[in-house]
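As structure tokens, the structure follows; a few thoughts come after it.
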Amino acid sequence: MVLKLSNIEIRLLKTPTPGELDELAEMLMFRSDALTVATCAGDRSLMPEYHRAIMAACAVGGDLFVAIHHQDGHKKIIGCVAFFGPGAEFMSSNEQREQGFADFLKKLPSNWFLESFLPQYAVLSHRVMDPKVKRDAWNVNQLAVHPTYQHMGVASALMAAGEVLARTDVRLRPMILECREETVPMYEHLGYRLLGEEAMEFAPPVGEIQVCMMQKDLNTR
């Protein structure tokens, strides 16, 4: 994938500095969907802490790639994506949760995320995909590109970086992800196929959430 801006670098961020985590959290503030807001119990002031904890968890539990825009001697993080190899999943370990997410949950007035969302999400995921298949695949999480830099090939470049990583495994495990319905065409363009679509129902302000499960097989061209 050729980027439309030549001064964008895709980098594996192994050990993010506090400053880089803060920058990632600031970049992700454009996300204001109902699920993100509800996870923060409607308190938007908690969203930077939420995003920061998510990024820190991705760095310790998976492979976190970032897109960096270089201009006039300055650099700015404009996108990110995380890949979890076979046997690893997002927020599946205490080490991941201890990167700030456990502390974030303590600030919420209720345990909606752990007691309502995650159990429903697990059931939904298993209806579409065999848990063993998901466990043995590469899981894609947290793809995001700042709106200013969208439609420039940044998302494709980030996804390609993870695919290169996955291809180092001679068994060529599939890559899987969950996404919103409106992003399905983008992933189809990248070679993913839709496995199924399910809906979750929550009380306001969340309401109904549509989740699409997609997969890309690396052993086919």
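Any read-out appearing in this document is the output of simple, stated calculations on the displayed coordinates, not a laboratory observation. Since this is a predicted model, take the numbers as computed values, not measurements. Every residue, glycine among them, receives a Cβ derived from its backbone with ideal geometry; neighbour counts consider all protein chains shown.
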- [ ] Go through the stretch 195-221 and give me each residue that's without any contact (Cβ under 8 Å) to a residue 40 or more places away in the chain, within 19 Å of GLY162 (Cβ to Cβ) and surrounded by 12 or more Cβ atoms within 10 Å (Cβ to Cβ).
- [x] CYS212, MET214
Open item on the list: I'm trying to understand the selection: among the residues of the stretch 54-69, which are in contact (Cβ under 8 Å) with a residue 40 or more places away in the chain and part of a helix (DSSP H, G or I)?
Closed with: ILE54, MET55, ALA56, ALA57, CYS58, ALA59
Task: Top-ranked residue in the stretch 96-126 [being over 20 Å from the mean Cα position of the chain (by Cα) and among the basic types (Lys, Arg); ranked as surrounded by the most Cβ atoms within 10 Å (Cβ to Cβ)] - done: LYS107
Open item on the list: Contact list please: Cβ distance under 7 Å, first residue in the stretch 29-53 and touching a residue at least 60 places away in the same chain (Cβ under 8 Å) and surrounded by 14 or more Cβ atoms within 10 Å (Cβ to Cβ), second residue in a loop (DSSP other than H, G, I, E, B) and among the aliphatic types (A, V, I, L, M), pairs at least six apart or on different chains.
Closed with: ALA34/VAL206; LEU35/VAL206; ALA38/VAL206; ALA41/LEU108
Open item on the list: Only one of PHE83, PHE65 is aromatic (Phe, Trp, Tyr), out of contact with any Lys or Arg (no Cβ under 8 Å at 6 or more places or on another chain), under 20 Å from LEU21 (Cβ atoms) and surrounded by 13 or more Cβ atoms within 10 Å (Cβ to Cβ). Can you tell me which?
Closed with: PHE83
Task: One residue from MET214, MET152 being of a type in the set (A, V, I, L, M, F, W, C), within 30 Å of ARG52 (Cβ to Cβ) and within 15 Å of the chain's Cα centre (by Cα) - done: MET214
